[in-house]
1. List the residue pairs whose Cβ atoms are under 8 Å apart, where the first residue sits in the stretch 148-175 and is within 20 Å of PHE98 (Cβ to Cβ), the second is among the basic types (Lys, Arg), and the two are 6 or more positions apart or on different chains.
2. Which count do you get for residues in the stretch 111-142 that are free of Cβ contacts under 8 Å to residues at least 24 places away in the same chain and out of contact with any strand residue (DSSP E or B) (no Cβ under 8 Å at 6 or more places or on another chain)?
3. Going through the stretch 12-39 one residue at a time, which ones are more than 10 Å from ligand 2 (Cβ to nearest atom) and surrounded by fewer than 17 Cβ atoms within 10 Å (Cβ to Cβ)?
4. Having 1 or more residues that are at pLDDT 95 or above and hydrophobic (A, V, I, L, M, F, W, C) is the bar; report the helices (runs of 4 or more DSSP H) wholly within the stretch 1-112 that clear it.
5. If I ask for residues that are touching a strand residue (DSSP E or B) at 6+ places or on another chain (Cβ under 6 Å) and at pLDDT below 95, which ones from the stretch 154-175 would you list?
6. Got a number for residues in the stretch 142-175 being surrounded by 14 or more Cβ atoms within 10 Å (Cβ to Cβ), at negative phi and of a type in the set (Gly, Ala, Ser)?
7. In the stretch 113-141, which residues are surrounded by 21 or more Cβ atoms within 10 Å (Cβ to Cβ) and assigned to a helix (DSSP H, G or I)?
8. Is it the case, given these coordinates, that ARG95 is farther than 28 Å from THR53 by Cα and of a type in the set (Lys, Arg)?
Amino acid sequence: YDVQEKTDYVFKVVVIGDSAVGKTQILSRFAKNEFCFDSKSTIGVEFQTRTVTINGKVIKAQIWDTAGQERYRAVTSAYYRGALGAMLVYDITKRQSFDHVARWVEELRAHADSSIVIMLVGNKADLVDLRMVLTEDAVEFAEDQGLFFSETSALSGDNVESAFLKLLEEINRVV
Ligand code: GDP
Ligand code: MG
């Protein structure tokens, strides 16, 4: 998928969800194939990019990180402006982070373009013994709301690539 050619499209994607669900780690896993055990070092980064080819188109994904503004309603509308996709992340071991997903969807509906493609992501899937959110509950919510869905582990890397690529493919289908 990785290429270095002329860019056909730049797709802005925002990563949202409660604090500590793993947004920054998912992003660095996708952009740099890294998991940073001292995650403080990534604070302040606004966005990261990675270029992929989808159906022969060279697409630069410009993926924005909240960098610690994820308190409810603290994310400004500038963050959402021009976003074609959103990764809405919760932590499968933190029930509250899943209960708040509906609020994040409301935020997107209020501030983002109505055609935004949303991928709901249940992260920390490696922590199997600590699971508090059933996969089937998330699947049901995603189907109700018209979201795509995946469970990921930024730690192991499981499904991170496929979740981002699915989101980018869907954006590419509608642009
Ligand atoms: P953010 O606040 O949503 O950006 O969350 P971070 O990316 O900073 O991650 C919060 C904490 O969860 C950090 O201690 C990470 O090391 C940890 N973490 C992130 N992703 C995973 C994962 O997939 N599995 C596990 N076990 N821990 C993770
Ligand atoms: Mg973060």
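1. Once the first residue is within 20 Å of PHE98 (Cβ to Cβ) and sits in the stretch 148-175, its partners that are among the basic types (Lys, Arg) give PHE148/LYS166; SER150/LYS166; SER153/LYS124; ALA154/ARG29; ALA154/LYS124; LEU155/LYS124; VAL160/ARG29.
2. Matching residues across the stretch 111-142 total 6.
3. Of the stretch 12-39, the ones more than 10 Å from ligand 2 (Cβ to nearest atom) are 12-14, 16, 18, 29-38.
If the condition is that a residue be more than 10 Å from ligand 2 (Cβ to nearest atom) and surrounded by fewer than 17 Cβ atoms within 10 Å (Cβ to Cβ), then LYS32, ASN33, GLU34, CYS36, PHE37, ASP38 are the ones that fit.
4. 23-32, 95-99, 101-111
5. Selection gives nothing.
6. The qualifying residues number 5.
7. ALA138
8. Answer is yes for this residue.
The values are calculated or read from the model by the stated rules, or taken from the named source; none is laboratory data. These figures come from a predicted structure and were not determined experimentally. Backbone-built Cβ (ideal geometry, glycine too); neighbour counts: all protein chains shown. These accessible areas exclude ligands, DNA and RNA; they are computed on the full protein's heavy atoms, side chains included. Shrake-Rupley method; radii C 1.70, N 1.55, O 1.52, S 1.80 Å.
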